[in-house]
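The values are calculated or read from the model by the stated rules, or taken from the named source; none is laboratory data. Nothing here was measured: the structure is a model prediction, and the numbers come from that model. Here the Cβ positions follow ideal geometry from the backbone for every residue, glycine too, while neighbour counts run over all protein chains shown. When the accessible area is computed, the model is the full protein with side chains, heavy atoms only, and any ligands, DNA or RNA have been set aside. Shrake-Rupley method; radii C 1.70, N 1.55, O 1.52, S 1.80 Å.
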Amino acid sequence: MTAPVLEVEGLRKEFVRGFLRKRTVAVDGISFAVEPGEVFGFLGPNGAGKTTTMKMLMGLIHPSAGKATILGAEVGDLDAKRRIGYLPENPYFYDYLSATEYLHMVGRIYGLDRATRDKRAAELLGRVGLAMAQGRAMRSYSKGMLQRVGLAQALIGDPELVVLDEPMSGLDPIGRREVRELILDLRAQGKTVFFSTHILADANLLCDRVAIIVKGKLRDVGPLGELLSPKVHRIEVLWQGDEALQAQLREQFPASHSSSSEGQVFVAEAQEQLDRFLAAILAGGGEVSSVTPQRETLEQLFVRDAGLSPEEQRS
Amino acid sequence: MGAIGASFNRMWAIALNTFREAVRNKVLAILVMFAVALMAFSLVLGQLSLHEEIRIIKDLGLAGISIFGVVIALFLGVNLLSKELERKTVYAIIPKPLHRHEFLLGKYLGLVVTMTALVVLMSVVLWGFLVAQGGHHGVIMVRAEILILLELLLLMAVAMLFSSFSSPWLSAMFAGALWVIGRNTAELEAFAQGKLEDTAGGSLLEVLLDLLPDFRMFFVSGANFDETVVSVHESFVSWAYVGSAAVYAMTYGGMCLVAAVLLFRRRDFV
Ligand SMILES: Nc1ncnc2c1ncn2[C@@H]1O[C@H](COP(=O)(O)OP(=O)(O)O)[C@@H](O)[C@H]1O
Ligand SMILES: [Mg+2]
């Protein structure tokens, strides 16, 4: 088995702001791995911690805890950086430079010679549809054009791993489709793509696997097909029994008991726990009224958490 | 190509970009035009004074290069790094295959190139004015201009240090304040040894004056040096003096850059 291209272990970032030392946990101990050649989606609502995670991987932010390995090296390793291309979220580039000049500068940093820089810059600007504006100062560029420069500068070093933070943002429907095609092209060339998005449809069309992050915590990692199909997260059991049995079961199964007008309610988190719980009711002379799987789709997960920022605590 | 050559190439990429950004900025062109306008004004003043035309052009010309140079140095030293952080252009650069210190030193190198070009440009204009009035530029003026350039390079290193951890306006204010203090060390020293003698404030001020950059040594025309008045018209400093001022500027500026690198390394780009 080949080593993962990107491996994240217990990565955490806590921001401390202002006079009151207000703390925000933006990323709360996440772990996952991206395998060579896959398109891996990093999916979550706004404010989930996607950008913060990517910035930690790119050496822009120092993690509060945890560890990341990229292409077998620690974050910041120059040889590894040479094999990575990165598109920041809502990128902005120098006011008075043209796209061509900028790509040349980035090419120089990657250590490319002049001929290679010329060739790749022209090729990439054509590829992202900026050929007609390549000589103009970038201060006159629209948001969508800056996004396109961002894609070109991420690819100028011919990287093995491409990290894109919201690559479709700021683009019109045609631009979005072009970016999707670009990502699929990269995969066809054997590159690994790690990109973030808050749009399910984009992830659905492109990703081999996704990691779902909500409020700084990793909810799920896997092929999107599996995660998208309604998945049983919890099973609700409605049951009747005398006081002694209620007390006994509450002790035996500590979590998630409540009572309703129809009887006692218990929420099982796993099949195995459910089986044991049902057996215990029957053994204690109780009665099972109903067993209901609680299904949650990804949309529901998003909608439930959308707009909520991570818990902000004061120390 | 060795590791040092590769590292220099990366810094040069940043420097070239910094130079282009700086010289294409209209604010810079306007400031240079002001300096040239001041020199032109010295021609008018020269006409009004009897037989002192050359003297006035030299004095006002050097003052113009120095004053507008300081404004440009603060503008560039603070603006170019803070703007990178504010506009988030730095987000795309730091993840590229270069070290953080290469980015910072590359920016400074770009400022050095820009500032050197500007001082040379303004000096050439001054030389033109002098020749047009029948005067000549001479080695003494070159020494004075080199000293001004050294002062500006040091000031930019100080400005970069501040902007590596603080906001643009605060950085400009701090660096500007240090320049004003550094230009007036003699007066402040006299104050510490006179009025404030034997007070805690006096001792503190003296220690501070030793630690803060001494900008006075770079603008010597008309200054009182070891009890003789030094000016570009008669007795002026030697090449040896220029050399020792260069060593001071490089040592002090170097320490500022090292501190800036250390602060910049720890920074989170959020
Ligand atoms: N500099 C900062 N100081 C405090 N909180 C921050 C800072 N940057 C981001 N956050 C918080 O961290 C959380 C995650 O943000 P981000 O990583 O940008 O999310 P996403 O990219 O998924 O939209 C948000 O709640 C945001 O408010
Ligand atoms: Mg984001």
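If R0 is 22 Å, what FRET efficiency do you get for B:V270 and A:K143 from their C-beta distance, rounded to 0.05? If you can, show how the numbers build up before the last one.
Values: r = 21 Å, r/R0 = 0.95.
For B:V270 and A:K143, the calculated efficiency is 0.55.
Using a Förster distance of 45 angstrom, determine the FRET efficiency expected from the C-beta separation of B:K195 and B:H233, and round it to 0.05. Spell out each step's value before the answer.
Working: r = 34 Å, r/R0 = 0.75.
Calculated value: 0.85.
Would you mind telling me the antiparallel percentage of the DSSP bridges in the protein assembly as shown, rounded to 5? It would help to have the intermediate numbers written out before the result.
Working: 47 of 65 bridges.
Roughly 70 percent of the beta bridges in the protein assembly as shown run antiparallel, per DSSP.
What is the spin-label model distance, in nm, from A:N46 to B:M250 if the labels are put 7 Å beyond Cα along the C-beta direction?
Placing both labels 7 Å along Cα→Cβ, they lie 5.3 nm apart.
5 Å is the cut-off here: which amide hydrogens, built 1.01 Å from N in the peptide plane, fall below it relative to A:Y86, excluding neighbours closer than 5 in sequence?
Under 5 Å from the amide H of A:Y86 lie the amide H atoms of A:V163, each far enough along the sequence or on another chain.
Can you spot the lysines whose alpha carbon is less than 23 Å from B:K26's alpha carbon? Ignore those fewer than 8 places along the same chain.
Cα-Cα hits under 23 Å: B:K83, B:K88, B:K107.
Can you tell me what share of the DSSP beta bridges in region A:6-228 is antiparallel? A percent to the nearest 5 is fine.
Working: 23 of 41 bridges.
Taking every DSSP beta bridge within region A:6-228, about 55 percent pair in antiparallel fashion.
Quick one: divide the alpha-carbon radius of gyration of region A:234-295 by 2.2 N^0.38 Å and tell me what you get.
Values: Rg = 10.3 Å, N = 62, 2.2 N^0.38 = 10.6 Å.
Compared with the compact-globule rule of thumb, region A:234-295 sits at 0.98.
To the nearest 0.05, what FRET efficiency results for A:I199 and A:T116 with a Förster distance of 35 Å applied to their C-beta separation? Intermediate results must be reported in sequence, preceding the final value.
Numbers: r = 35 Å, r/R0 = 1.00.
For A:I199 and A:T116, the calculated efficiency is 0.50.
Please compute the contact order of region A:6-228 in relative form: average sequence separation of alpha-carbon pairs under 8 Å and at least six residues apart, divided by the residue count, as a percent. Spell out each step's value before the answer.
Details: 435 pairs, mean separation 65.6, N = 223.
Value for region A:6-228: 29 percent.
When all C-alpha to C-alpha distances in region A:51-181 are sorted into bins of 10 Å, what percent of pairs does each bin hold, rounded to whole numbers?
Bin by bin from 0 Å, the calculated values are 13, 41, 35, 11, 1.
So what is the diffusion coefficient of chain B in µm² per second by Stokes-Einstein at 10 °C and 1.306 mPa s, using a Kirkwood Rh over Cα pairs?
Values: Rh = 20.0 Å.
Calculated translational D: 80 µm²/s.
When only alpha-carbon atoms are used, what values of Rg and Dmax, in angstrom, describe chain A?
24.6, 84
Using the Cα atoms of the protein assembly as shown, I'd like the radius of gyration and the largest Cα-Cα distance, Dmax, both in angstrom.
32.4, 120
Let me know the mean shielding of A:74-86 by other chains, meaning the per-residue number of their Cβ atoms within 10 Å of its Cβ. If you can, show how the numbers build up before the last one.
Working: counts 0, 1, 4, 1, 9, 1, 1, 6, 3, 1, 3, 2, 5.
Mean number of neighbouring Cβ atoms from other chains: 3.
Give a residue-ordered list of calculated ³J(HN,Hα) values for region A:128-138 (Karplus: 6.51 cos²θ - 1.76 cosθ + 1.60, θ = phi - 60°; whole Hz; x for Gly, Pro).
Karplus values, whole Hz, x for Gly and Pro: 8, x, 10, 3, 6, 10, 5, x, 7, 4, 6.
Obtain the nm distance between the two label points defined at A:K217 and A:D172 by a simple spin-label model: each point lies 7 Å from its Cα along the Cα-to-C-beta direction.
4.3
Taking all protein chains in place and a 1.4 Å probe, what share, in percent, of the accessible surface of region A:207-291 do carbon and sulfur account for?
Numbers: 2220 of 4570 Å².
Heavy-atom surface of region A:207-291 belonging to carbon and sulfur, 1.4 Å probe: 49 percent.
Kindly provide the GluC sites (Glu not before Pro) of region B:143-221 that DSSP labels as loop, not H, G, I, E or B, and whose Cβ sees at most 13 other Cβ atoms within 10 Å.
Details: sites: B:E145, B:E151, B:E187, B:E189, B:E197, B:E206; in loops: B:E197.
Hits after loop and neighbour filter: B:E197.
Can you give the extra length, in nm with one decimal, that the chain gains between B:V131 and B:N9 once fully stretched, where that is 0.36 nm per residue apart less the Cα-Cα distance? Write out the running numbers ahead of the final one.
Details: separation 122, 0.36 × 122 = 43.92 nm, distance 4.03 nm.
Result: 39.9 nm gained on full extension.
Mind checking B:17-24 for the average number of partner chain beta-carbons within 10 Å of each residue's beta-carbon?
Working: counts 10, 2, 0, 6, 4, 1, 1, 6.
So the per-residue partner count for this stretch is 4.
How large is the accessible surface per residue of the protein assembly as shown, computed with a 1.4 Å probe and reported in Å² as a whole number? Walk me through the numbers on the way to the answer.
Numbers: 26910 Å² over 585 residues.
For the protein assembly as shown, the per-residue accessible area is 46 Å².
Please compute the average number of Cβ atoms from other chains found within 10 Å of each residue's Cβ in peptide A:147-155. Kindly include the intermediate steps, with their values, before the conclusion.
Working: counts 0, 0, 1, 2, 0, 0, 3, 3, 0.
Per residue, the average neighbour count from other chains is 1.
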